[in-house]
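Contents: one structure, followed by commentary.
Derivation of every value follows stated rules applied to the coordinates shown; laboratory data play no part. From a predicted model like this one, the values you see are computed outputs, not experimental measurements. Neighbour counts run over all protein chains shown; Cβ positions are idealised from the backbone, glycine included.
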Amino acid sequence: MIEAVGICKQFGDNMVLKDINCVFEKGKTNLIIGQSGSGKTVLMKCLVGLFEVDSGKVLYDNRNFSSMNTNQRKKIRQEIGMLFQMGALFDMMNVQENVMFPLNMFTDKTEEEKLDRVNFVLKRVNLENSNALMPSELSGGMRKRVAIARAISMNPQYLFCDEPNSGLDPQTAGVIDILIQEITREYDITTIVNTHDMNSVLSIGDQVNFIYKGQLWWQGTKDEILETTNTELNDFVFGTELTSRLKTRRS
Amino acid sequence: MYKFVHTVGQYVLLMRRVFTRPQRGKIFWNHLFDEFQHLGLESLGIVAIISTFMGAVVAIQTAFNIDSPLISMSMVGFTTAQSVILEFSPTVISLILAGKVGSRIASEIGTMRVTEQIDALEIMGVNSANYLIFPKVVACLLINPVLIVISIWLGVLGGWIAMEASGLVTTTDYLYGIRIDFDPYIVFYALIKTVFFAYIIATVAGYYGYVTEGGALEVGQASTKAVVYSSILIILFNLILTQILLT
């Protein structure tokens, strides 16, 4: 479980996050949604420590991450897996080396054990026999799957996904969504997904947190989101032709 | 002024993170050997070409300027060797390396920054500054002196080839000139300068790459800044070190 307690973050005069309080539960796919520029990426970066919070704290299973020093944070970070928007695969390494990187860096496993683990996680994301491919040879969907494989190679307790569907066609995006949800339930981990893709929200949103102008505006589940009377959330959710039709059909 | 102080402060803080013990020795050594290849061996061609031609031109110019019968033609060998060892190889070749190696380091690290690869390292708990910059600094500190020694040899050789081909100076005179009043201290001076310049090239380029923000355009700008500022610092430290070591 991850808790954000009174998080505030400011860049110059711009207050990007204002007193964010929320709980991201274990075994659930917790979504952070909001318009571009609403502060959801900043919130995620605060949660993983890429940005320091100005006030408030982040708790990882009651461990205060915000007050930890660099060495203490390193230990927590080995329990974190993160899927970046563009995959963030290391260009100079092939798929196997990318997935094996955290194992090389933080474990004392033998080469054989590491290779077994790499093959296992690659199989889990349906990418068997692609060990020798370079990132430049992969499609967008494959890059995301390799990034997921790398993120779960260390058996993380916490999985962060920053806009996992960006740049993907709807079908591939659906595959990535389902994969994230399956992994969350299979390994019973705390997953936080940052997205503005309504298909993701409606398919995997166990817990949805809507950020509006830097504030936590609404919380609920994927089912509750369609019934809400919150004006700002409705504008966001039903702002497209597709979701508007969905609302009409439901009503 | 504020920008200058901010940049220097940011550079010092980054270097504090760079100069720490690598998290995994084996990974560091593998990385270091890769850097020897990328930063050293891949620069050998351009260093060889420039050094040989530079030595040849210095020798021809010197021979052309000696028109007094009172000055021995062996001075061509002397002047070529002194010029190449004292200035041309350590400084000019370091400036060339600032362009080639510096832009490579800045663009490589800058691209990793804008494609979130550095964030990925940080999230994993890797000290990204140490992991990415430290092997490059060590590689430059070790390989640049080797490149400069090769450059000195080729510069002197280039001068000899030019004199032989043109018939302006005999081999005996040229070789005698190289040995006249030869002080090994000038080689030491050249290598000391090279080590300082190697440090400047690797750390300044590493810094500009690491602090890149934005996209492809900013990576290009970081690469340009790395070359410009490391070249300026090389020229500045050339003067300072020459004052300290030769006076």
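Here are the numbers for this structure:
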item: Positive-end extreme of charge dipole, the protein assembly as shown - chosen from B:44, B:192, A:217 (charges on Cβ); result: A:217
item: Under 28 Å from residue B:136, Cα to Cα: lysines that are on another chain or at least 8 residues apart; result: A:74, A:75, A:109, A:114, B:3, B:26, B:100, B:193, B:225
item: Sites residue A:71 and residue A:155 - FRET efficiency at Förster radius 25 Å, r taken between beta-carbons, to 0.05; result: 0.75
item: FRET efficiency for residue B:32 and residue A:91, using Cβ-Cβ distance with R0 set to 22 Å, rounded to 0.05; result: 0.70
item: Fraction of alpha-carbon pairs over 17 Å apart in the range A:112-194 - percent; result: 45
item: Rounded to whole Hz, the Karplus (6.51, -1.76, 1.60) HN-Hα couplings of the range A:184-196, x for glycine and proline; result: 4, 6, 4, 9, 6, 10, 8, 10, 10, 10, 9, 8, 10
item: At 0.692 mPa s and 37 °C, Stokes diffusion of the range B:11-123 via Kirkwood alpha-carbon radius, µm² per second; result: 184
item: Cα-derived Rg over Rh, computed across chain B with Rh taken as Kirkwood radius; result: 1.07
item: Convex hull volume per residue for the range B:25-84, taking Cα atoms only, in Å³; result: 75
item: Area projected by the alpha carbon convex hull of chain A, averaged over all directions, nm²; result: 14.1
item: Spherically averaged projected area in nm², based on the convex hull that wraps the Cα atoms of the protein assembly as shown; result: 29.3
item: Built amide H within the under 5 Å cut-off of residue A:160, gap 5+; result: A:81, A:82, A:83, A:192
item: Student exercise, the range A:2-250 dipole from Lys, Arg, Asp, Glu Cβ charges, in Debye to nearest 20; result: 220
item: Relative packing of A:110-120, B:201-211, B:71-81, which averages over residues the other C-beta atoms within 10 Å, highest first; result: B:201-211, B:71-81, A:110-120
item: Whole-angstrom gap from the range A:22-36 to the range B:171-247, using each part's C-alpha centre; result: 52
item: Lys/Arg +1, Asp/Glu -1 at C-beta; the range B:12-91 dipole; positive extreme among B:88, B:33, B:18; result: B:18
item: Per-residue average of Cβ from other chains inside 10 Å of B:109-122; result: 5
item: Distance between the range B:83-97 and the range B:5-67 - C-alpha centres, whole angstrom; result: 11
item: The range A:120-247: C-alpha pair distances exceeding 17 Å, %; result: 61
item: Cα long-axis angle, helix B:44-65 against chain B (0 to 90 degrees, to the nearest 10); result: 30
item: C-alpha long axis of helix B:93-114 to longest principal axis of chain B, angle in °; result: 10
item: Cα-based helix-to-principal-axis angle, B:2-18 vs chain B, degrees rounded to 10; result: 80
item: Total charge dipole magnitude, the protein assembly as shown, about the Cα centre, Cβ charges on Lys, Arg, Asp, Glu only, Debye to nearest 20; result: 720
item: Selected from B:234, B:139, A:187, residue furthest toward positive end of dipole (the protein assembly as shown; charges at beta carbon); result: A:187
